[in-house]
Every structure is written in C-alpha cells, then in structure tokens.
Amino acid sequence: MNTPTPTAQARTQAAALLGVSPGAPPEVLRAAWRAAARHHHPDRGGDTERFIAVNAAYELLTTPPAPARSTPPTPSPGPPGPATPSSDIPGASVDGLLILRVGGLLIVAGVLTAGAAMIAAPVAAALVALLAVAAVAQHVYLATETHRTETRRPG
C-alpha cells in the first residue's frame, strides 16, 4: 500500500486551503493566495489564524520539495591502537608547535594588557581631573558662603 508522505499530505491540504489543485502553476497559486489573503486579512475583518494559515500554505506550495536524502555509509573504524600526536606541517615536531602556540598566546596576552593600560590611563586621568574640579568648586562655594556670612554680621 502506497501511503503519501507527510510532505505530500501537507501540500495537498495547503492546496485545498487555497482552493487550487496540488499541481497548480505558480501564477494560479499566487492569484489564489492573494485572493485568500485579502479575504482573511485581519485589517479587513478576517481571522488572524486563518490568515497565517493561508500564508503558510502559499509558502509551502511555492517552496520546492526537498530531494530525498540518502544516508551516507558509515566509515569502518581503523585498527585499534594508541593515537599519536601529529603535525600538519611536514618535518615539524609537536613540541615545537606547542612552543609556538604558547608563545603566540603570550604575545596576545601582552597586547591585550597593553591595550587595557592605554585605555585605563586616560580614564584614570579624567577621574583625577574631575575630582580636582569638584574640590575647587567646593572650595570656591565655601569661600563665597563664608564671605557672605561675614559681611552680614552686625558690627
């Protein structure tokens, strides 16, 4: 017994929702979709869920079906044994590559540290300047207040 695949069933239901045959040409699908979308559009008093279903049906029918995929054969495992470290570079030893990688990481760490210092120094200088301005402003305010209270005293 030949049962339709879920994709074929879904395509048949989508075509029925739009009122066309499952093998309808793209022009007919588009015209049916536009009419159904116009009729079921929520801004025109239609049902939102039905409008979404119409759009999903059109998308399903206009998207070509995926080709059947065959499962690739599973490779047979190699002979058992200990794994040996190897290098992609001919003639290079693994120890030498490890030293190069560690050295590269140290260089990157140094660059990042220097970058952080270059960012931190101006920020610290700006904070010191801001504190200095605040201290001067407070001194001027206190001096002005002291001068006002001294000039108002009855003598």
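Quick notes
- When restricted to residues that are among the small types (Gly, Ala, Ser) and either in contact (Cβ under 8 Å) with a residue 40 or more places away in the chain or assigned to a helix (DSSP H, G or I) (or both), the range 22-53 contains 6.
- The range 12-38: number of residues that are buried (at least 19 other Cβ atoms within 10 Å of the Cβ) and more than 14 Å from Asn55 (Cβ to Cβ): 2
- Residue match in the range 65-82 (condition: modelled with pLDDT under 70, surrounded by 10 or more Cβ atoms within 10 Å (Cβ to Cβ), within 39 Å of the chain's Cα centre (by Cα) and of a type outside the set (Ser, Thr, Tyr)): yes
- The combined condition, being free of Cβ contacts under 8 Å to residues at least 24 places away in the same chain and out of contact with any His (no Cβ under 7 Å at 6 or more places or on another chain), is fulfilled by Thr63.
The values are calculated or read from the model by the stated rules, or taken from the named source; none is laboratory data. Just so it is clear, the model here is predicted, and its values are computed rather than measured. When we count neighbours, we look across all protein chains shown, and the Cβ atoms used for this are built from the backbone with ideal geometry, even at glycine.
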